[in-house]
Amino acid sequence: MADKSAIEWTDATWNPVTGCTKLSRGCDHCYAERFAERFRGVPGHPFETGFDLTLRPERLRQPLLWKRPRTIFVNSMSDLFHKHVPTPFIDQVFDTMERADWHVFQVLTKRSSLLGDYLKARYTTRPAPAHIWCGVSVEDAQAKSRIKHLRNAPASIRFLSLEPLLGPLGTLDLSGINWVIAGGESGPGARPMEADWVRSIRDQCRDQSTAFFFKQWGGIRPKSGGRLLDNQEWNEYPLFHDRGVAAE
């Protein structure tokens, strides 16, 4: 667990699972894989096995030990809803999040149908607690079906990570979506993002009263292009979140 994160929209990260496998175009230049594979074969290193999917049960209680409230990105180095993560282990992750209700947890996945199925099975009479935010990644128009899966899931706060944004998304139905993050790709071979793609997303968020956060333009380094869109930063958060302001 990292007490401080360089990710602009969170405070800390918690990785009870590490490693993953590629699913779609957004995974092509995965930063987590690139980082983990640097240490493959290093004896005793947390990533001695590189980016192989690995359960970390010794980390399950970490958020309970952090008494100062934090916004925590869950599995920044994996995907909790990877098909090879056993449901009983996901249960333990959610048990911890439910108990540590002084934090805000941000659960982000590309496996949107599995997220939806899990939430429907766990929360049969009520939505997930409001401090557990559930989100899906959408990198291009082909991945927009993930938004429908998320909308149909019993979550209190739903968010989209449109990063790396690899093409125009066209018309977005943001009903039931509380927050949208957009950003370009970074790292070696980063694919460029066009300004009009982002402007369209921002304008649709404004029209549909969804909070909008612009993370970065991207480039060889995450901060290469800065964070300004039309000469300003966009740092909106969902309503009732004390880190930022909500969309008007």
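Any read-out appearing in this document is the output of simple, stated calculations on the displayed coordinates, not a laboratory observation. As the structure is a prediction and not an experimental result, all values here were calculated from the model. Backbone-built Cβ (ideal geometry, glycine too); neighbour counts: all protein chains shown.
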Residue in the stretch 148-158 that is of a type outside the set (S, T, N, Q) and under 23 Å from LEU228 (Cβ atoms) present:
no
Does the stretch 88-104 contain any residue that is buried (at least 19 other Cβ atoms within 10 Å of the Cβ) and over 20 Å from ARG56 (Cα atoms)?
yes
Counted residues in the stretch 71-84 being surrounded by 14 or more Cβ atoms within 10 Å (Cβ to Cβ) and touching a helix residue (DSSP H, G or I) at 6+ places or on another chain (Cβ under 8 Å) come to 7
Any chance you could count how many residues in the stretch 199-211 are in a loop (DSSP other than H, G, I, E, B) and among the small types (Gly, Ala, Ser)?
1
In the set ASP196, ASP173, the lone residue that is over 24 Å from THR10 (Cα atoms), part of a loop (DSSP other than H, G, I, E, B), over 17 Å from the mean Cα position of the chain (by Cα) and not aliphatic (A, V, I, L, M) is ASP173
Conditions (1) part of a helix (DSSP H, G or I); (2) touching a helix residue (DSSP H, G or I) at 6+ places or on another chain (Cβ under 6 Å); (3) surrounded by fewer than 21 Cβ atoms within 10 Å (Cβ to Cβ): number failed by GLY116:
(3)
Heads up, the helices (runs of 4 or more DSSP H) in the stretch 4-113 (entirely inside) with at least 2 residues that are in contact (Cβ under 8 Å) with a residue 40 or more places away in the chain, of a type outside the set (Gly, Ala, Ser) and within 21 Å of ALA128 (Cβ to Cβ) are 62-65, 87-99
